[in-house]
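Trainee: Here it is: the structure, laid out below.
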């Protein structure tokens, strides 16, 4: 035996420690995986050892292997073992491993609850700290719920180190258990003013994190944060607060006004760049939120821009980057002030750092104007040529397109230039964004009518060089451009100069190497083109040319018929047949062109992407209703495909407008024109934003469109857009000259009465070259192109959108430490929750009006707090803002009844304040409140999500509808009290153990000392015994598993086993504890008497009326009855009291008569019939034990007597 | 919130991986690899921010990193963190590591005094505290809660962080430094700086004080592997070829494990 032990310890001696493992892995570079799997086998052996040191060493190695990517979740149980070691060394290893590999799916995690709780209340701050740290990484909803109260206690720990950690971890607890936010929030708020800067910083951190997700709930904290901001010197805290203000200002513009000054001061004074940067950011946010002008508004912007310029000019790339980032925020609202720094930003485009170049690109987006667009794009095009990486080049490409197309091509004055830019972009090799360019080409060609001729000419050139495009850029995105080119040439074929040539280009054999969807477009548009050629030739009276075209099609189309792509194949065969038919007709010299082009008559208008969704469902149309009878089950499956085919056929049969004759078409066109005229969303040529320039004399005469472009276009490689830049400049120059002339003339007319300022060329003065008619996308009538409010319903932070100003209800108290047996499937203490809630929701009728008034006044007051604080800024008569209304709406409707008097009192004070300070505003304000009351009324339903849910768990299970509010009830009775501590208790039966009850004792420390080493000792009786930890004797006390800092209360639970439950019991006990304050520690004692009533052995058990009737019929129950006189309480209330105090549930209720049921922990059935007379109540009882029934009825009598 | 903290060396070998959001191990490794490739491409003289993109979370997240000689420190943070603040935090973390590990290294040296005395002793004098680490940077070590001023503690002032020389020498001397994968202690230090993804402490003195207190506590408990380690080092000092493969002591048969890995 001894030898074996020696052997064991010697074996252990050769266990690898972590460093050996690391060295080993290094030495086994070639067969690392094999070595590690060998090590894992060893670790598995080590984990089987009894020694905790060996296990800890093994777990330590596992943590390292986890980092290398090995799954170690199999060792979760061993990790828990190491976590529960008593030595800090091992505990720390265990918690580290747990924090690395535990997650919500780890099943053994529920075993840790008690261990963590023990560590949290450990006297060693290191144990507590390490447990908190670990928990922060693997907290689950269950752990959060069970430990929330313990952590909350730690927030008032004496050691700042623990306080700090406890405060931080609360955020994780809130995330996992949102119900804990309201009860914990007051203490969290307290910690904002903690003497320790670390704790303060942690609290700021948590609140900022919370407020970032749901800012409106934290507006009321603004004054506090403002105070912190002006007093704190800790830059980390300042940064957080300033960031928080950035999130709050959009909700409350007045806050922004108040902030500007201190922020500006900080900007001027601080040397820390990080703080400066955050200040600038928040000032920007403030400026964005202030839509209305403010006197020193522009000064602040100037300051920001100027500071940002310093950052951007700095040699430090980080500052440069952030400067650009912040600049882009200013750009959104104040583009003018940024535009003056165009030089700087263009300079950044040349930076070697890609991140900086990208940021600068973002900025350019907002900096363009009509005037600068061409110049900027020219510069970007130069960068495209230089760019090395494809990603950056693609980014440039998308940016060029974004910049040009933004807000409906607002800045483009010359679309010929834009088209040529797009054509130039097609020369980019290897870009992924071919489809983007294609989409732009289509968009411009469709929406800008005036450009079609030019666009078609360009596109035909592109098609002509198609083999070039396709071959040089094998299978890359750029060939998408051909999709657009083919479509444009087909659709607008009437503009083609040489349709024959284009037709031939589109039918080249090389085309078949293109992707299927492009070929399909080719085939379709070949037909369109062919139709227009036929028409031209027939009109010109050249049937031979038309026949030539037919011949060409007949020769070339078969190559598409053989295509592997179904769409191409189908279209090609259709068209081939059609062309064959045309050929026959042509042979008979029948004119076919008219008919053929009728196939493509009518105009295609762009449709807004959301248009389909916006089409209103006509009245009386139920989209979910079956159109035909729903298919019965008897319908065999083989019928289905048939139906499908049938449908398909119908679709094919649907006539395109082809059959429609010319007259009909004309009629339709007219109708459409009419419709468009009455459609406000269809912007026609007349109200176009560019229209007003039409009236300007001289513009029409500018002969821009007449430039013969066909010649240079045919020379590939020539940068076309440059020419346009030059032409455009000339045009603008001429335009300006004309204008000047005009002005001069005007001036002359006016004489010398006025001295006109020098004519400066502003954006508005530049008239576009084309009479552009940008057709907007079509939308159904009355539909607004709005953005849908699509919030993610699964957002975890949504659950934290909780009103924090609402007074705390009893029901929201955090669940406290429980013995395991107390965790019954339906914990009885939950029962009292709704009753209390109920009361607070519906105050008694006679009090109602008063309460309502005070409640409303209180709301007003709360709103006023913030209002008042905010209104102390310079502009005194600030108009009531919409945001203020939201604050007040957020204020709760629930007022705890006991607050009533206090509320009224405070209210008076507030009223006086109001009147003293703002006499003028008061009437206005009252009006406002009234309005809000109404609004709130409307909102009430939607706001009260929580209470509604609670309503579902009413105590009166099968009860009649609630007519009257219930009084507050608490099941906790006072137990004992002395100068240090107050004890209240409640006894509840256990569902699992048939002879156990749980006593929950709330200990409230109302002294100034820390209470520790609390121990509860109870003198057992023969019948009732306290459950003690194993191995302790009958006389030992049971330790209370927590300490109580001053002013804190907590709940401990103790389990008692009972033999007979038919009688009430009394037990004597003592609570001993050490009270510790500055002066020292004293040992104290407090005696108490625990009373176990018969009712406490009952468990609220629902029972249906049928089962209840059967039970009564069985006849083996003994009967007894009581009668109580002089009861004025309503029947509803009486029942609620019996339910609550004696754990009954209502089976049935008819008028003033109700049957009730309950069951004891030992399975006795108890049935009651409660009847209410004029002023008396009679209770008849039936129970399987006569003694018990007698005792119970006595208790019920006692309760009723109090009513 | 900080979403993840990754430390890896110039070859992409992870030195510390800390996620504050659950990812399976394979994904973690993938993220480390991707991040490594992202930062590796970047010159030392370009900005230290990277838009996270597809990596973790999405567009709200940024990668903020610093490169010290052989190691990359990458923090993945969301928009609630101040970018420059995080850069400072990395600096605090690194300085704390340096400060704490110096002690460990010295202890290590004392512990191994019996072996290679001359060598180690030489190393001690050479390495001793911050002769090479901070003298050159000078301004780096400046009070607590040092904030990014752009001029004082920017890493660009010391493009070749002086830390590295020190590490190289230590390494040459065979000591473990925190650059080596001594995971747990680095984690313990990190835990005092960042907790559950939120900044816990930025004051280096506080952090160091905590760590030292914990180390003292650990020492008083005898440490993790004091006994076996001592035994092993004793074995290591025995001239290996003289040890018989099997020691026969009656019926007790002690298998001597292959010791080559210790050498």
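The values are calculated or read from the model by the stated rules, or taken from the named source; none is laboratory data. Just so it is clear, the model here is predicted, and its values are computed rather than measured. Don't worry about glycine lacking a Cβ; one is built from the backbone with ideal geometry, like all the others, and counts go over all protein chains shown.
Trainee: With the requirement that a residue be surrounded by 20 or more Cβ atoms within 10 Å (Cβ to Cβ) and either part of a helix (DSSP H, G or I) or more than 9 Å from chain A (Cβ to nearest Cβ) (or both), what does the range B:7-24 give you?
Mentor: B:7, B:8
Trainee: Next question. Quick one: which residue in A:266, A:287 is away from chain B (no Cβ under 12 Å), in a helix (DSSP H, G or I) and either within 16 Å of residue B:85 (Cβ to Cβ) or touching a strand residue (DSSP E or B) at 6+ places or on another chain (Cβ under 9 Å) (or both)?
Mentor: Being away from chain B (no Cβ under 12 Å), in a helix (DSSP H, G or I) and either within 16 Å of residue B:85 (Cβ to Cβ) or touching a strand residue (DSSP E or B) at 6+ places or on another chain (Cβ under 9 Å) (or both) holds for just one of A:266, A:287, which is A:266.
Trainee: I would also like to ask the following. Kindly establish whether residue B:213 is within 10 Å of chain A (Cβ to nearest Cβ), at pLDDT below 50, touching a helix residue (DSSP H, G or I) at 6+ places or on another chain (Cβ under 9 Å) and assigned to a helix (DSSP H, G or I).
Mentor: In short, no.
Trainee: Listed residues A:1017, A:1000, A:1007, A:1057; which is touching a strand residue (DSSP E or B) at 6+ places or on another chain (Cβ under 8 Å) and assigned to a loop (DSSP other than H, G, I, E, B)?
Mentor: Going through A:1017, A:1000, A:1007, A:1057 in turn, just one is touching a strand residue (DSSP E or B) at 6+ places or on another chain (Cβ under 8 Å) and assigned to a loop (DSSP other than H, G, I, E, B): A:1007.
Trainee: While we're on this one: Which of the residues belonging to the range A:191-213 are assigned to a loop (DSSP other than H, G, I, E, B) and away from chain B (no Cβ under 12 Å)?
Mentor: Residues satisfying the conditions are A:194, A:195.
Trainee: Here is a list of conditions, (1) touching a residue at least 12 places away in the same chain (Cβ under 8 Å); (2) surrounded by 15 or more Cβ atoms within 10 Å (Cβ to Cβ), and residue A:1028 meets all of them except one; can you say which number that is?
Mentor: (1)
Trainee: Also: Please specify each residue of the range B:78-102 satisfying the condition of being under 21 Å from the mean Cα position of the chain (by Cα) and more than 15 Å from residue B:193 (Cα to Cα).
Mentor: Within the range B:78-102, B:101, B:102 qualify.
Trainee: If you go through the range A:558-594 one residue at a time, how many are in a loop (DSSP other than H, G, I, E, B) and more than 54 Å from the chain's Cα centre (by Cα)?
Mentor: Residues meeting the conditions: 5.
Trainee: If I filter the range A:74-88 down to residues being part of a loop (DSSP other than H, G, I, E, B) and in contact (Cβ under 8 Å) with a residue 24 or more places away in the chain, which single residue comes out as farthest from the chain's Cα centre (by Cα)? Can you show your working first?
Mentor: Start the filter on the range A:74-88 by keeping residues that are part of a loop (DSSP other than H, G, I, E, B), which leaves A:84-87.
When the remaining residues are screened for being in contact (Cβ under 8 Å) with a residue 24 or more places away in the chain, the result is A:84-85, A:87.
Numbers: A:84: 38, A:85: 41, A:87: 43 Å.
By that ranking, first place goes to A:87.
Trainee: Moving to a separate point now. Go through (1) under 19 Å from residue A:355 (Cα atoms); (2) touching a residue at least 40 places away in the same chain (Cβ under 8 Å) one by one and return the number of the condition residue A:420 breaks.
Mentor: With respect to (1) under 19 Å from residue A:355 (Cα atoms); (2) touching a residue at least 40 places away in the same chain (Cβ under 8 Å), residue A:420 is out only on (1).
One line per residue, one yes/no per condition, for (1) within 9 Å of chain B (Cβ to nearest Cβ); (2) over 45 Å from the mean Cα position of the chain (by Cα); (3) modelled with pLDDT of 90 or more:
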{"site": "A:8", "(1), (2), (3)": "no, yes, no"}
{"site": "A:13", "(1), (2), (3)": "yes, yes, no"}
{"site": "A:23", "(1), (2), (3)": "yes, yes, no"}
{"site": "A:30", "(1), (2), (3)": "no, yes, no"}
{"site": "A:36", "(1), (2), (3)": "no, no, yes"}
{"site": "A:43", "(1), (2), (3)": "no, no, yes"}
{"site": "A:47", "(1), (2), (3)": "no, no, yes"}
{"site": "A:51", "(1), (2), (3)": "no, yes, no"}
{"site": "A:58", "(1), (2), (3)": "no, no, yes"}
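Trainee: If you go through the range A:214-243, how many residues are under 20 Å from residue B:87 (Cα atoms) and in a loop (DSSP other than H, G, I, E, B)?
Mentor: 2
Trainee: Those residues that are crowded, with 23+ Cβ neighbours inside 10 Å and more than 8 Å from chain B (Cβ to nearest Cβ), I need them from the range A:79-98; list them, please.
Mentor: Passing the criteria: A:79, A:82, A:83, A:91, A:94, A:95, A:97, A:98.
Trainee: Would you confirm, using the coordinates I've provided, whether residue A:577 is more than 24 Å from residue A:460 (Cα to Cα) and surrounded by fewer than 16 Cβ atoms within 10 Å (Cβ to Cβ)?
Mentor: Yes; evaluated as a whole, the condition is true for this residue.
Residue by residue, here is whether (1) crowded, with 24+ Cβ neighbours inside 10 Å; (2) more than 9 Å from every other protein chain (Cβ to nearest Cβ); (3) over 20 Å from residue B:192 (Cα atoms); (4) touching a residue at least 24 places away in the same chain (Cβ under 8 Å) holds:
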{"position": "A:135", "(1), (2), (3), (4)": "yes, no, no, yes"}
{"position": "A:151", "(1), (2), (3), (4)": "yes, yes, no, yes"}
{"position": "A:167", "(1), (2), (3), (4)": "yes, yes, no, yes"}
{"position": "A:170", "(1), (2), (3), (4)": "yes, yes, no, yes"}
{"position": "A:183", "(1), (2), (3), (4)": "no, yes, yes, yes"}
{"position": "A:186", "(1), (2), (3), (4)": "no, yes, yes, yes"}
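Trainee: With respect to residue A:312, is the statement that it is farther than 25 Å from residue A:230 by Cα, within 14 Å of another protein chain (Cβ to nearest Cβ), assigned to a helix (DSSP H, G or I) and over 32 Å from the mean Cα position of the chain (by Cα) true?
Mentor: For residue A:312, the condition - farther than 25 Å from residue A:230 by Cα, within 14 Å of another protein chain (Cβ to nearest Cβ), assigned to a helix (DSSP H, G or I) and over 32 Å from the mean Cα position of the chain (by Cα) - is met.
Trainee: If I ask for residues that are crowded, with 22+ Cβ neighbours inside 10 Å and at pLDDT below 80, which ones from the range A:991-1004 would you list?
Mentor: At the first step, the residues of the range A:991-1004 found to be crowded, with 22+ Cβ neighbours inside 10 Å are A:997-999, A:1001, A:1003.
Passing the criteria: none in range.
Trainee: So, in the range B:25-49, of the ones that are assigned to a loop (DSSP other than H, G, I, E, B) and within 8 Å of chain A (Cβ to nearest Cβ), which residue ends up surrounded by the fewest Cβ atoms within 10 Å (Cβ to Cβ)?
Mentor: B:43
Trainee: Just a yes or no: is a residue in the range A:62-73 at pLDDT 90 or above, in a helix (DSSP H, G or I) and more than 11 Å from chain B (Cβ to nearest Cβ)?
Mentor: No, the range A:62-73 has no match at all.
Trainee: Please find, among A:118, A:91, the residue that is part of a helix (DSSP H, G or I) and touching a residue at least 60 places away in the same chain (Cβ under 8 Å).
Mentor: Values: A:91 fails: touching a residue at least 60 places away in the same chain (Cβ under 8 Å).
Result: A:118 is the single residue among A:118, A:91 that is part of a helix (DSSP H, G or I) and touching a residue at least 60 places away in the same chain (Cβ under 8 Å).
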